[in-house]
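Step one of this worksheet: look at the structure below.
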Ligand SMILES: [Mn+2]
């Protein structure tokens, strides 16, 4: 295992220097955030971005994410052009020395929460999800804005919702299958590991299908093209909010088969009625026990990247929700400490 940290590029309020000061921090996880979804990334841009990161002494092997264009998820005839671009991006990333591409296949919205800064009694705040509040939201209403939604105008949202009326869960699976069958051979040839991120939360919202939700669906993804490069970004915080998902068992199953290419370490407390809160990484709170989870990785000599996922805002820090410095740095140290203890046995 080696520790990484997500960085949002030159506009991220947290500098690469600060990140490199975290003990045992090895790598950066980032993306070319200025690229429009669906465009091919040029080799020159990737190389420049990578060289800039590496000046800090940190490696840059993991992309999070190369977003998938909605036309691919919708199975529109225009998808082939976007798939061609995706293949070009895979080749250019490989040529520049990248090793892992994270992506997700969630329709329209990425992760969804009902609050980005719920106050806790200790003065910290974190992202939380109240199912009832989300059910009451109308994403197409003019007065509603959430950060993960800003990439679309209201008009675009309305037309996407209209288009997804024709795509149910099985339809979305077919479109994922088409996509993977088209891109995995290139990933295989170029030795790039693909890592699909589970849906967050792992259930349908706003009537849109969500399919990467449990152990069976992860198994199904891997079986679509059964080569090592077709793999997973195992996010305990996404899968773990559903009490039916046994994350330790899921890790044991897929890590032993070397199909987990990237680890997201996030702890969550399950608050009932599909509600959940993001919490500190330690095992005195929350549904995820990282001592057990990391032991499962350690038992199979996992040597891939891991990062502390969303953290709380503590010590008065403000900034990108879930992506402050302090709590994620504490998380990195906790995880690294567990790993070092396992190593020394
Ligand atoms: Mn995650």
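Looking for whichever is closer than 30 Å to residue 160 by Cα, in contact with a strand residue (DSSP E or B) (Cβ under 9 Å, 6 or more places away or on another chain) and in contact (Cβ under 8 Å) with a residue 12 or more places away in the chain here; the options are 89, 37. Which one fits? Walk me through how you get there before you give the answer.
Values: 37 fails: in contact with a strand residue (DSSP E or B) (Cβ under 9 Å, 6 or more places away or on another chain).
Being closer than 30 Å to residue 160 by Cα, in contact with a strand residue (DSSP E or B) (Cβ under 9 Å, 6 or more places away or on another chain) and in contact (Cβ under 8 Å) with a residue 12 or more places away in the chain holds for just one of 89, 37, which is 89.
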Check: Which of the residues spanning the stretch 151-161 are in a loop (DSSP other than H, G, I, E, B) and exposed (fewer than 13 other Cβ atoms within 10 Å of the Cβ)?
Finding: 153
Next item on the list: Within the stretch 270-285, identify whether any single residue is within 16 Å of the chain's Cα centre (by Cα) and buried (at least 23 other Cβ atoms within 10 Å of the Cβ), and answer yes or no.
Entry: yes
Checklist line | Identity of the residue in the stretch 281-290, in contact with a strand residue (DSSP E or B) (Cβ under 9 Å, 6 or more places away or on another chain) and over 19 Å from residue 26 (Cβ atoms), that ends up nearest to the ligand (Cβ to nearest atom) | finding: 288
Next item on the list: Would you mind stating whether residue 166 is crowded, with 18+ Cβ neighbours inside 10 Å and either in contact with a helix residue (DSSP H, G or I) (Cβ under 9 Å, 6 or more places away or on another chain) or at positive phi (or both)?
Entry: no
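For every residue, the table says whether it meets (1) touching a strand residue (DSSP E or B) at 6+ places or on another chain (Cβ under 7 Å); (2) farther than 18 Å from residue 286 by Cα; (3) away from the ligand (no atom under 16 Å from the Cβ); (4) in contact (Cβ under 8 Å) with a residue 12 or more places away in the chain.
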residue	(1), (2), (3), (4)
94	no, yes, yes, yes
99	yes, yes, yes, yes
105	yes, yes, no, yes
109	no, yes, no, yes
112	yes, yes, no, yes
119	yes, no, yes, no
126	yes, no, no, yes
136	no, yes, yes, no
Notebook entry, point to check: If a residue has to be part of a loop (DSSP other than H, G, I, E, B) and either more than 16 Å from the ligand (Cβ to nearest atom) or without any contact (Cβ under 8 Å) to a residue 12 or more places away in the chain (or both) to count, how many in the stretch 291-323 make the cut?
Noted result: 10
Next item on the list: Mind listing whichever residues of the stretch 16-33 are under 18 Å from residue 331 (Cα atoms) and in a loop (DSSP other than H, G, I, E, B)?
Entry: 21, 22, 23, 24
Notebook entry, point to check: Take the residues of the stretch 325-339 that are under 15 Å from residue 126 (Cα atoms) and within 16 Å of the ligand (Cβ to nearest atom): which is nearest to the chain's Cα centre (by Cα)?
Noted result: 328
Notebook entry, point to check: Is one or more of the residues making up the stretch 136-145 out of contact with any helix residue (DSSP H, G or I) (no Cβ under 7 Å at 6 or more places or on another chain) and in a helix (DSSP H, G or I)?
Noted result: no
Next item on the list: Would you list the strands (runs of 3 or more DSSP E) that sit entirely within the stretch 52-122 and hold 1 or more residues that are buried (at least 19 other Cβ atoms within 10 Å of the Cβ) and either at pLDDT below 95 or on the phi < 0 side of the Ramachandran plot (or both)?
Entry: 59-64, 100-104
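The values are calculated or read from the model by the stated rules, or taken from the named source; none is laboratory data. Computed from a prediction, not measured in an experiment: that's the story for all the values here. Every residue, glycine among them, receives a Cβ derived from its backbone with ideal geometry; neighbour counts consider all protein chains shown.
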